[in-house]
Amino acid sequence: MSTPEKSDLTTTAANPAAGRSDEDWRQELTPEEYHVLRQAGTERPYTGEYWDTHTAGVYNCRACGTELFTSKEKFDSHCGWPSFWAPLAEGRVRYIHDRTLGMDRIEVRCANCDSHLGHVFEGEGYGTPTDQRYCINSVSLKLVPAADDTSA
Ligand SMILES: [Zn+2]
């Protein structure tokens, strides 16, 4: 348990919400949340909480609570993960070129706490306004239903 970890995720300079150490994250998050958010893991498709959710509301960062996506930009991609065609606002997320696993992808992270959210793909022909698909792990998000949602 006390294996020294590289602390590249724990620098506080660029992470205002995250004066948290790696050990803090371990204690605050469930093991699955920690694996995805802090170790860039991926939940299995069709297993997450929100992949097929249509509830109106805002999706916050599970780690720090920043509002990241809304149900207005969520669409049915049938890929097994919650998919959005845009973030709530530019600046809420940041992008990192990810060449791990022999793939060439764009990783999406919470701009506030630098937690891993998922990846963004484009040009897949989904017919959304941006032709982008933010493929986000359910476990990285926390849905806050809209107060006036009467569909439930
Ligand atoms: Zn965050």
Next on the checklist: So Phe75 ticks every box in (1) surrounded by 21 or more Cβ atoms within 10 Å (Cβ to Cβ); (2) out of contact with any helix residue (DSSP H, G or I) (no Cβ under 9 Å at 6 or more places or on another chain) but one. Which box is left unticked?
Outcome noted: (1)
Checklist entry - Can you name the residue in region 95-121 that is hydroxyl-bearing (Ser, Thr, Tyr) and in contact with a Lys or Arg (Cβ under 8 Å, 6 or more places away or on another chain) and is also surrounded by the fewest Cβ atoms within 10 Å (Cβ to Cβ) among such residues? => result Tyr95
Checklist entry - Only one of (1) surrounded by 14 or more Cβ atoms within 10 Å (Cβ to Cβ); (2) modelled with pLDDT under 95 is not met by Thr42, so which one is it? => result (2)
Next on the checklist: Is it the case, given these coordinates, that Glu90 is more than 13 Å from the ligand (Cβ to nearest atom), surrounded by 12 or more Cβ atoms within 10 Å (Cβ to Cβ), part of a loop (DSSP other than H, G, I, E, B) and modelled with pLDDT under 95?
Outcome noted: no
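Residue-by-condition table, conditions (1) among the aliphatic types (A, V, I, L, M); (2) more than 11 Å from the chain's Cα centre (by Cα); (3) at pLDDT 95 or above:
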{"residue": "Tyr50", "(1), (2), (3)": "no, yes, yes"}
{"residue": "Gly57", "(1), (2), (3)": "no, yes, yes"}
{"residue": "Cys61", "(1), (2), (3)": "no, no, yes"}
{"residue": "Glu73", "(1), (2), (3)": "no, yes, yes"}
{"residue": "Ser83", "(1), (2), (3)": "no, no, yes"}
{"residue": "Ala86", "(1), (2), (3)": "yes, yes, yes"}
{"residue": "Asp98", "(1), (2), (3)": "no, yes, no"}
{"residue": "Glu107", "(1), (2), (3)": "no, no, yes"}
{"residue": "Phe121", "(1), (2), (3)": "no, yes, yes"}
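The values are calculated or read from the model by the stated rules, or taken from the named source; none is laboratory data. Everything numeric in this text was worked out from a predicted model, so none of it was measured. With ideal geometry, Cβ positions are generated from the backbone for all residues, glycine too; neighbour counts draw on all protein chains shown.
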